[in-house]
Amino acid sequence: MKGMSRPGQRYIPALRYDWLTPLYDPILRWTLRESAFKRRLVEQARIEPGHRVLDLGCGTATLTLLLRQAHPRAQVARLDGDPKVLAIARAKAARVGVTLALLRAMAFELPFTDCSLDRVLSSLLFHHLTRENKLRALREVLRVLRPGGDLHLADWGKPQDCWMRAAFLLVQSLDGFGTTVDNARGLLPHLIREAGFSGVRESSRYKTMFGSLSLYQAQKP
Ligand SMILES: C[S@@+](CC[C@H](N)C(=O)[O-])C[C@H]1O[C@@H](n2cnc3c(N)ncnc32)[C@H](O)[C@@H]1O
């Protein structure tokens, strides 16, 4: 079952079905080189003390906790559309002695004022959005970033070879072909540009059990 926020505002839960959400962390840890690519995303964001940072589509908050650990003096907000995954995030943070304020909101309706953030990081959210919602979310990110602020995004990219293409069929079967086809075609950088960002580039690429994972960075002009 797809989750629902308000009528017409759907989100796809972390592993598409609510009953799979508790398995999300172990699956990611053992299959996706999660620690390597999330640490790289945090590094490339070059966060400074006092920066206002958003983890967009934070899920179980693994990236948020890495951010907090690496940059204790940054102000890190985190947001997800799914109340069940946010409950897991809260419990996970409590186990390591951290209290997290978590926002429940849609990626394409961000509860932040214009130009109020220095960095937006997002991991594995965009393949959950239709093309229209990818663009809406990217335009929202552009709105809330200050001029010169950066977006750092990790998600499925264009497969490097036929093995990676075949592996990605598993993700597509689970999360749906409609939201993942633009990832498989390597269109994310084009959509980021279309939303109004400059300096868009793929900064790293990983081969994983489920396909090619790309890291991108882009700047608000
Ligand atoms: C695959 S999980 C990724 C979670 C986390 N960022 C990570 O890297 O492990 C995708 C997350 O995006 C959230 N999501 C999907 N559609 C959303 C939307 N429209 N607005 C906000 N969150 C959304 C889901 O609830 C889920 O937690």
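Would you point out which residue out of GLY148, GLY199, GLY157 is under 18 Å from GLN44 (Cβ atoms) and crowded, with 17+ Cβ neighbours inside 10 Å? Of the residues listed, the single one that is under 18 Å from GLN44 (Cβ atoms) and crowded, with 17+ Cβ neighbours inside 10 Å is GLY157.
So that you can scan it fast, the table gives a plain yes or no per residue for (1) at pLDDT 85 or above; (2) farther than 23 Å from PRO111 by Cα:
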site	(1), (2)
LYS2	no, no
SER5	no, no
ARG10	no, no
ALA14	no, no
PRO26	no, yes
HIS51	yes, no
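Exactly one residue among GLY186, GLY196 is among the small types (Gly, Ala, Ser) and touching a residue at least 40 places away in the same chain (Cβ under 8 Å), and that residue is GLY196. In segment 147-178, the residue that is farthest from VAL53 (Cα to Cα) out of those that are of a type in the set (Asp, Glu) and within 16 Å of the ligand (Cβ to nearest atom) is ASP175. With respect to GLY186, is the statement that it is away from the ligand (no atom under 16 Å from the Cβ), among the small types (Gly, Ala, Ser) and under 23 Å from ALA14 (Cα atoms) true? Against the criterion (away from the ligand (no atom under 16 Å from the Cβ), among the small types (Gly, Ala, Ser) and under 23 Å from ALA14 (Cα atoms)), GLY186 qualifies. Where helices (runs of 4 or more DSSP H) sit wholly within segment 30-146, those with at least 2 residues that are within 9 Å of the ligand (Cβ to nearest atom) and charged (D, E, K, R) occupy 34-44. When segment 54-85 is filtered for residues that are in contact (Cβ under 8 Å) with a residue 60 or more places away in the chain and more than 13 Å from the chain's Cα centre (by Cα), the ones remaining, listed by number, are ASP82, LYS84, VAL85. Count of segment 127-166 residues, restricted to those that are small (Gly, Ala, Ser) and under 15 Å from the mean Cα position of the chain (by Cα), is 3.
Looking at the structure I just gave you, is ILE12 farther than 22 Å from PHE112 by Cβ, free of Cβ contacts under 8 Å to residues at least 24 places away in the same chain and either open to solvent by 50 Å² or more (accessible area, probe 1.4 Å) or within 12 Å of the ligand (Cβ to nearest atom) (or both)? It is false that ILE12 is farther than 22 Å from PHE112 by Cβ, free of Cβ contacts under 8 Å to residues at least 24 places away in the same chain and either open to solvent by 50 Å² or more (accessible area, probe 1.4 Å) or within 12 Å of the ligand (Cβ to nearest atom) (or both).
The values are calculated or read from the model by the stated rules, or taken from the named source; none is laboratory data. Computed from a predicted structure; not experimentally measured. With ideal geometry, Cβ positions are generated from the backbone for all residues, glycine too; neighbour counts draw on all protein chains shown. To get the accessible areas, we keep the full protein, side chains included, count just its heavy atoms, and leave off ligands, DNA and RNA. Shrake-Rupley method; radii C 1.70, N 1.55, O 1.52, S 1.80 Å.
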